[in-house]
1. Here are some residues: 266, 272. Which one is part of a helix (DSSP H, G or I) and at pLDDT 85 or above?
2. Identify, by number, the condition in (1) assigned to a loop (DSSP other than H, G, I, E, B); (2) in contact with a strand residue (DSSP E or B) (Cβ under 8 Å, 6 or more places away or on another chain) that residue 54 doesn't meet.
3. Would you be able to say whether some residue in region 43-62 is under 21 Å from residue 116 (Cβ atoms) and out of contact with any helix residue (DSSP H, G or I) (no Cβ under 8 Å at 6 or more places or on another chain)?
4. Restricting region 1-20 to residues that are assigned to a loop (DSSP other than H, G, I, E, B) and under 20 Å from residue 111 (Cα atoms), which is farthest from the chain's Cα centre (by Cα)?
5. Given (1) over 30 Å from residue 3 (Cα atoms); (2) in contact with a helix residue (DSSP H, G or I) (Cβ under 8 Å, 6 or more places away or on another chain); (3) surrounded by 18 or more Cβ atoms within 10 Å (Cβ to Cβ), identify the lone condition not met by residue 117.
6. Got at least one residue in region 83-103 being part of a strand (DSSP E or B) and touching a strand residue (DSSP E or B) at 6+ places or on another chain (Cβ under 9 Å)?
7. Looking at (1) in contact (Cβ under 8 Å) with a residue 24 or more places away in the chain; (2) surrounded by 14 or more Cβ atoms within 10 Å (Cβ to Cβ); (3) within 20 Å of residue 120 (Cα to Cα), which one does residue 15 not meet, given that it meets all the others?
8. Anything in region 56-85 that is under 31 Å from the mean Cα position of the chain (by Cα) and surrounded by 12 or more Cβ atoms within 10 Å (Cβ to Cβ)? List them, or say none.
């Protein structure tokens, strides 16, 4: 039997996880199901069918256990209502233990309350020793398996939400980004964005996710444009490229004696190629001196 692979999401703006839906008949998008995850049994929503899934890393897909019942959804809601209180209690205990640089960001119960995960972040790269905190929280919540899980600054910003550095009322990570892409300073340089930290750093303290949005378009566009410092021929004569606007296909050319001018790339010709053709046309014919050549070069 061919596997029916579906994408399941556990949070409104969360990553999609693939599961085998064969154990459940006539599954539909929008239905809620119970699955086993690394964080225990969870309830997720069917978002889409995966028609050409990549091979699973562990060799097999995890299967959906069953459809979630109304009782399951009510149980999940009841445990979710206790998450804020659990987070506050954990923060208080972390303060009592004087755990410097540790911030308890959130608490997450599994839908049936059998597991309680505290998500935390640190101000340093050093590994935090939280054995005492986990042991103490286990005493406070003996009916749940306690787990402490570290998350990065981008995940923290995503969970907290708030206004973006650009002025959007909701940060991209909290609004629609389901995964974080690798961002580098090269992306800002390629787009001509100021490298001032306040200009390229997000609320999380890392390079802004939006630096990748138009990066590929800039890379592709720049391949079609002459580079800075190159000589080109314009309708007004020879000049040197001083800047480009890739998405508009505009090149800024400095022409001696008349300053800078804007040109569309179709108006320009490469100076080096034309110069090479000129030199070739002026070069003597290899056969000319030997006679029998009618090219007309070097004729007086």
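1. Unique residue meeting the criteria: 266.
2. Status for residue 54: all satisfied but (2).
3. yes
4. Checked region 1-20; the qualifying residue farthest from the chain's Cα centre (by Cα) is 10.
5. (2)
6. yes
7. The one condition residue 15 does not meet is (2).
8. Within region 56-85, 56, 61, 62, 63, 64, 76, 80, 83 meet the criteria.
The values are calculated or read from the model by the stated rules, or taken from the named source; none is laboratory data. Here the structure is a predicted model, which means the values were calculated and not measured. Quick reminder, even Gly has a Cβ in these numbers, built from the backbone with ideal geometry, and neighbours come from all protein chains shown.
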